[in-house]
Structure formats: structure tokens, C-alpha cells
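S.K.: To start, I am sharing the structure in question, which I have written as C-alpha cells.
The values are calculated or read from the model by the stated rules, or taken from the named source; none is laboratory data. Note that this is a predicted model, so its numbers are computed, not measured. Methodologically, a virtual Cβ is constructed for each residue, glycine included, from the backbone with ideal geometry; neighbour enumeration extends over all protein chains shown.
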Amino acid sequence: MPTVAELLIESLAEHGVRSVWGVVGDALNPVTDAIRREDRIEWIGVRHEEVGAFAAAAQAQLTGDLAVCMGTVGPGAIHLLNGLYDAKKSHAPVLAVCGQVPREEMGSEFFQEVDNDALFADVAVFNRTVTHVDQLPALIEAAGNAALQHRGVAVLTLPGDVGGLDLPEDTPVPRFVRQSPRAVPDPDAVQAAAAALDAAGTVTLLVGRGAVDAREEVLRLADRLAAPMVLSLKAKEGLEDDNPFEVGQSGLLGNPATATAFAECDALVLVGTDFPYRDFLPEGKTVVQLDVRGSHIGRRLAVDLPLVGDAGLGVQALLPLLREGRDRTHLDGVREEYLAWQESQQALTDPAYDHTPKGLLRRKVDNPDALIRPELLAAAVDRHAASDAVFTTDTGMATVWFSRFVRMTGTRRLLGSYNLGSMANAMPQALGASALDRRRQAVAMCGDGGLTMLLGDLITAVAHDLPVKLVVFDNGRLGMVKLEMEQVGLPEFGTVLRNPDLAAVARAMGLHAVRVERPGDVDEAVREAFAHEGPVLLDVVTNPDEVALPPSPTVSQAWGFAIAKTKEALTSAE
């Protein structure tokens, strides 16, 4: 007779789940034993359950299918929470299997007891505790289907005395439903949007992750509207490469061309994006928003013409209704500004930049010690990474440099904590990507603060032969926080990190690791790191005072920087 644990693991294997992430222990011992006996599923034991949740969520985002992590009673389950919140906000279908104290002890404040149903109430689209074998297989099916259909987190809790219980011999193996219908926007709404766009003089597109699978349709829309295309960070994947309309990102990641694209348009069309930074969005425009989630429409700025439906189907419906032959002055002007900005940024990627006339002047302000500029490192990563690499980026300045200098050519993929904004996500997500296909390059763009937060799981890369490439922007700072302080005139405080030699630490854990301290050594170090077969950590000492200006810096921001630098100088002189 199958046990509860065996039925659960068989259902996951039949569905195609190939790995389960977590830490072994007590209530979940029957489950991990079932995994031990299931050849189709690999158990990947992490040092911290948060890493397991991030890794599983990464797999779910890359495949679009169910991924699984586990945390045992109390603290083990609690440790999953941050990674699961990232899955929730990234719409990743993840099943978390959690342990619980034995049924007779539930509610008695037993050792390690935590109310999982309360703990996961906000993060989960499905959240149930199995207390009787008669609840199966229905609860397993309900959990998997909820995660897949709602694109979110399902939590299934097993008390310590439940996983090993026998089930009737004829208990069917649970099955999960993969199919999701594609909705077409209301025809009258499409007609109204087309009329408004035809009446507008100039149009700009803001395109997000929800439109990545509708690349051809969105490019045709930009062409028909003669519209520059501002991309959200997540839309770089699939929409940046070979796109004659794209003008980069907005927000702190952005450039002057995106500010122009927004300021000079009469109509703004949002396609598959929930871009949250209202301060960077224009006012007084005719706004069309197309999104598969009606609840997302209008929550960032007022929308005149809402379209609820699939991005590809919605654009297909809109295109035949739009007039042709629009003036392309707006598009051409914004693109010219964008390409000029890109060219100016490339100067910073020269190892000898700080010895050029312009570089010597700038160096006095922001890089007196001629340290490695992060732009140089990001550009080297772009040159040497594989055309099908999976990139992950830590929240903060590593993402800024990635956004500006790494192009999503070929079939490259991109992951990050772009909705939750957690620290420490890049390394765990790269582990998850690598476990899906160890032959495919997984490159983590790590901040030193993010990497050291979950440093122990470097061991996981070695223990499970996960050949991740960890590129560390080692500037001894919480760089984004430093920038935030200086923008409002505060001196940096609490942001300095007293890092060890991270390459030496990684080598002690069994990774191949290299420390780079000179600009002229960066390119070859990146090339060699990416050519190494196993896991690698590249510890690159970068300039902590590099400034990433927003697309259109205000007088108050400039004044804030000036005040902050004065205060920092005074503090250091005391």
C-alpha cells in the first residue's frame, strides 16, 4: 500500500517535477525517504530553506510549470517565507510542502509548533493541512492546480504522524491541470482604443513581461504607431534583441531617452506591465492599458481605455483597426537620443578610461583610487556569457549595471527579485536554473551584500555539482541604499560592509574562485571563469562611489548629492 508521502512524490514525478529543494528533518522524513526511492526526482539539500524557495521559484519562472520546495516543522517552514513571497509577486507556480507537529499535539504549544495555516495565509493561493488519509488525493490535486492556475504559491502541510500513513491500494495518483485559457479583450473596448490612438499625434509604448510571448505582435504595433518602446526590466528577455523600437528602461535603471519618450507623447500604451514607479510615468496623456489581469489596470496611473486580455491576442485584435503611414519623427528622435546615450556609456567600459582626459576629470570626483568601474565588469560579462545563458541579478546596483550593459541576445533568460526586491536572490536563483540543465550556463550578478547574506549555500553548488558562475560586484557597500541616502542629502551610514576576501572563502568551500583588483585584469578573468566547467566565484573589487543617475535627474537630487558628499567629507574628517 502506498503511503501519503509516496503518493505525493509519485504525483510530482508524474507531473514532471525534477527536483525538490529543502532541508531534511523530523515531520518530513517520510517525504524525503520517498524522494530517495524515486529516480525521477533529485533531492537538493540546501543550507537555508530560503535558498530552496528562491531556487524553486526560479525553476517555476523558467519552465512555467510547478516547482517544489520543503521546510519542516516551525523554523524550517518559516525560513521558506521570503522566497515564497518572491514567488507570489513573480506569479511563479510553487508548491511548498511543510512539516507540522503530530496531530495530537497540534494546538498545544508543542516544541517548534507554528500555525502554518496562519503563517502562510498572505503568501499562498492555497493553504491546507492534511489531517486524514481520506483527504487524499483531492488535497494534493487542489494544491497543485491552485499553484498552476493562479500562478502562485500553494502550501501543503503534513503533520509528523501523517506522511507515513498507508493509503488504500486503489488510491489514484493525483493529476494536475496545465492548460490555461487565453482571453481576448472585449471588441468594443478594442475599437475605442484604436480610435483614440488614431486620434493621438504621438504614441509611446511601455511594454512588460506579460508581452514577452507576443514579440512579433508588439513589434508590429510599435511599427504601426511609430512608437518608441520603453521596456520594463523583465521585458529585456525576448524583446530587447534586434528591436528597432526599444529605448531601454525607465526608473532608476533608465536613460534620458525614456524620459523624452514619455514627456513628448500624446498617448501612452501599456502592454503586459505593472511598472510600479509612478514618479517616472507621464501625466496628462491618453492612456491605453492591455493586461491579462484586470485588477492590474489603473493601479499605477489613470487609464482612459482598459483592455483586459492576453497581450498577443489583444494586439492582434487592435492592429487591423489602426491607420498606417504615421509620422516617425517622435520615434526617430527618441531612438537617436537613446543610441547616443548608449555610445557615451560605452566609454566607461574601457579599462583605460580613468587615464583618458575625460576619465581623469571624472576620476577626481568619483574614483580617486582608480578602482574597477562596475560598467567595465558588466560589459565583460555581456561579451563572454553564452548566447543561451540564464542570468540572475541581485536587487540593487548589480541590477542597474546589468540593465545598462548586458544585452539579452540569442535565447538568454533573466531572473531577479524584481517585484519583491529582496536581497540575496541571485545566487539561489542561479542554483535553481543550473539544476534544470547543468549544461546551460547560469550567471549570477551578485552584490556583495546579497551574496554574503546567504553565503553558506555556496556549499550547495559544490555538493550538488551545480556549475553556476557567480560574479560579485564587491564594492564593500550596500550600494543602492547608499545612493538612496545621497539622493536626499543624507551622508551614507550603515552601508559599509567589512568583507573578507570572498574568493578565498569560496575556495575554502570548494569552488574555483578568483579575486580581481585591477581594471586591466577584468576581461580575461571573466573569460576564464566562464570557461571553467564547475562552479566559479569571481570576486571583483569595484568602485563604491560609481553613480547611476536617473533618466532625468532633478535639481533637488543633484543638490542632495552635493549636500551628502559634503556631510560625508565632514564626517570622515572628524
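S.K.: List pairs: first residue in the range 177-206 and within 16 Å of Ile297 (Cβ to Cβ) and assigned by TED's automatic domain parsing to the domain that holds Thr260, second residue hydroxyl-bearing (Ser, Thr, Tyr) and modelled with pLDDT of 95 or more anywhere in the structure, Cβ distance under 6 angstrom, at least six positions apart or on different chains.
M.R.: Filtered contacts from the range 177-206: Ala196/Thr286; Leu206/Thr273.
S.K.: Does Ala380 satisfy the condition of being farther than 18 Å from Ala196 by Cβ, among the small types (Gly, Ala, Ser) and out of contact with any Gly (no Cβ under 7 Å at 6 or more places or on another chain)?
M.R.: When the stated conditions are applied, Ala380 passes them.
S.K.: Given the options Val177, Val173, Val184, Val153, name the one that is of a type outside the set (Lys, Arg) and within 30 Å of Thr393 (Cβ to Cβ).
M.R.: Of Val177, Val173, Val184, Val153, the one residue that is of a type outside the set (Lys, Arg) and within 30 Å of Thr393 (Cβ to Cβ) is Val153.
S.K.: In the range 455-482, which residues are of a type in the set (A, V, I, L, M, F, W, C), farther than 25 Å from Thr411 by Cα and surrounded by fewer than 24 Cβ atoms within 10 Å (Cβ to Cβ)?
M.R.: Within the range 455-482, Leu455, Ile459, Val462, Ala463, Leu478, Met480, Val481 qualify.
S.K.: Sort through Asp198, Asp213 and tell me the only one that's farther than 29 Å from Asp394 by Cβ and either out of contact with any Pro (no Cβ under 8 Å at 6 or more places or on another chain) or part of a helix (DSSP H, G or I) (or both).
M.R.: Asp198
S.K.: Any residue that is surrounded by 15 or more Cβ atoms within 10 Å (Cβ to Cβ) and either among the basic types (Lys, Arg) or farther than 25 Å from Gly333 by Cβ (or both) - is there at least one of those in the range 198-207?
M.R.: no
S.K.: Let me ask something else about it. Could you look through the range 223-247, keep only residues that are surrounded by fewer than 24 Cβ atoms within 10 Å (Cβ to Cβ) and small (Gly, Ala, Ser), and pick out the one that is nearest to Ala193 (Cα to Cα)?
M.R.: Across the range 223-247, the extreme among qualifying residues is Ala226.
S.K.: Only helices (runs of 4 or more DSSP H) wholly contained in the range 383-491 count here; list those with 1 or more residues that are free of Cβ contacts under 8 Å to residues at least 24 places away in the same chain.
M.R.: Those helices (runs of 4 or more DSSP H) span 479-487.
S.K.: State all residues of the range 1-38 that are over 19 Å from Ala56 (Cα atoms) and in a strand (DSSP E or B); if no residue qualifies, say none.
M.R.: Thr3
S.K.: Kindly provide the set of residues from the range 311-363 that are among the β-branched types (Val, Ile, Thr), modelled with pLDDT of 95 or more and more than 28 Å from the chain's Cα centre (by Cα), ordered by number.
M.R.: Thr329, the sole residue that qualifies.
S.K.: Can you tell me which residues in the range 296-352 are in contact with a Gly (Cβ under 7 Å, 6 or more places away or on another chain) and within 30 Å of Glu524 (Cα to Cα)?
M.R.: Tyr338, Pro351
S.K.: How many residues are closer than 14 Å to Thr72 by Cβ and buried (at least 20 other Cβ atoms within 10 Å of the Cβ) when one looks only at the range 24-49?
M.R.: Matching residues across the range 24-49 total 9.
S.K.: Another one. Would you say Arg373 is under 30 Å from Asp448 (Cβ atoms), touching a residue at least 60 places away in the same chain (Cβ under 8 Å) and crowded, with 16+ Cβ neighbours inside 10 Å?
M.R.: In short, yes.
S.K.: OK, next. Being touching a helix residue (DSSP H, G or I) at 6+ places or on another chain (Cβ under 8 Å) and of a type outside the set (Val, Ile, Thr) is the filter here; which residues of the range 290-308 pass it?
M.R.: Those that are touching a helix residue (DSSP H, G or I) at 6+ places or on another chain (Cβ under 8 Å) and of a type outside the set (Val, Ile, Thr): Leu290, Asp291, Arg300, Leu301, Asp304, Leu305, Pro306, Leu307.
To keep it simple, each residue is scored yes or no on (1) in contact with a Ser or Thr (Cβ under 6 Å, 6 or more places away or on another chain); (2) in the same structural domain as Ile372 (by TED's automatic domain parsing); (3) among the polar types (S, T, N, Q).
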| site | (1), (2), (3) |
| --- | --- |
| Thr393 | yes, yes, yes |
| Gly410 | yes, yes, no |
| Gly447 | no, yes, no |
| Thr452 | no, yes, yes |
| Asp457 | no, yes, no |
| Thr460 | no, yes, yes |
| His464 | no, yes, no |
| Asn475 | yes, yes, yes |
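S.K.: With the requirement that a residue be polar (S, T, N, Q) and surrounded by fewer than 20 Cβ atoms within 10 Å (Cβ to Cβ), what does the range 91-147 give you?
M.R.: Answer for the range 91-147, where residues must be polar (S, T, N, Q) and surrounded by fewer than 20 Cβ atoms within 10 Å (Cβ to Cβ): Ser108, Gln112, Thr129, Thr131, Gln135, Asn145.
S.K.: Within the group Ala398, Ala385, which residue is closer than 25 Å to Glu484 by Cα and not assigned by TED's automatic domain parsing to the domain that holds Thr258?
M.R.: Among Ala398, Ala385, only Ala398 is closer than 25 Å to Glu484 by Cα and not assigned by TED's automatic domain parsing to the domain that holds Thr258.
Here is a yes/no grid of residues against (1) modelled with pLDDT of 95 or more; (2) on the phi < 0 side of the Ramachandran plot; (3) buried (at least 18 other Cβ atoms within 10 Å of the Cβ); (4) in the same structural domain as Gly251 (by TED's automatic domain parsing):
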{"position": "Leu511", "(1), (2), (3), (4)": "yes, yes, yes, no"}
{"position": "Val516", "(1), (2), (3), (4)": "yes, yes, yes, no"}
{"position": "Pro519", "(1), (2), (3), (4)": "yes, yes, yes, no"}
{"position": "Glu524", "(1), (2), (3), (4)": "yes, yes, no, no"}
{"position": "Ala531", "(1), (2), (3), (4)": "yes, yes, no, no"}
{"position": "Pro544", "(1), (2), (3), (4)": "no, yes, yes, no"}
{"position": "Val547", "(1), (2), (3), (4)": "no, yes, no, no"}
{"position": "Pro553", "(1), (2), (3), (4)": "no, yes, no, no"}
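S.K.: Would you mind finding the one in Asn367, Asn425 that is surrounded by fewer than 24 Cβ atoms within 10 Å (Cβ to Cβ) and either of a type outside the set (Asp, Glu) or at negative phi (or both)?
M.R.: Just a single option satisfies the conditions, and that option is Asn367.
S.K.: May I ask you to list pairs of residues, at least six apart or on different chains, whose Cβ atoms are under 6 Å apart, with the first in the range 235-264 being farther than 13 Å from Phe405 by Cα and the second being hydroxyl-bearing (Ser, Thr, Tyr) and part of a helix (DSSP H, G or I)?
M.R.: Listed by first residue and then by second, the contacts come to Val247/Thr258; Val247/Tyr338; Ser250/Thr258; Ala257/Tyr338.
S.K.: Right, something else. Just to be sure I understand, how many residues within the range 364-403 are modelled with pLDDT under 95 and of a type in the set (Lys, Arg)?
M.R.: Looking only at that region, the number is 1.
S.K.: Ala379 versus (1) in contact (Cβ under 8 Å) with a residue 40 or more places away in the chain; (2) over 18 Å from the mean Cα position of the chain (by Cα); (3) surrounded by 15 or more Cβ atoms within 10 Å (Cβ to Cβ): which is the lone unmet condition?
M.R.: (1)
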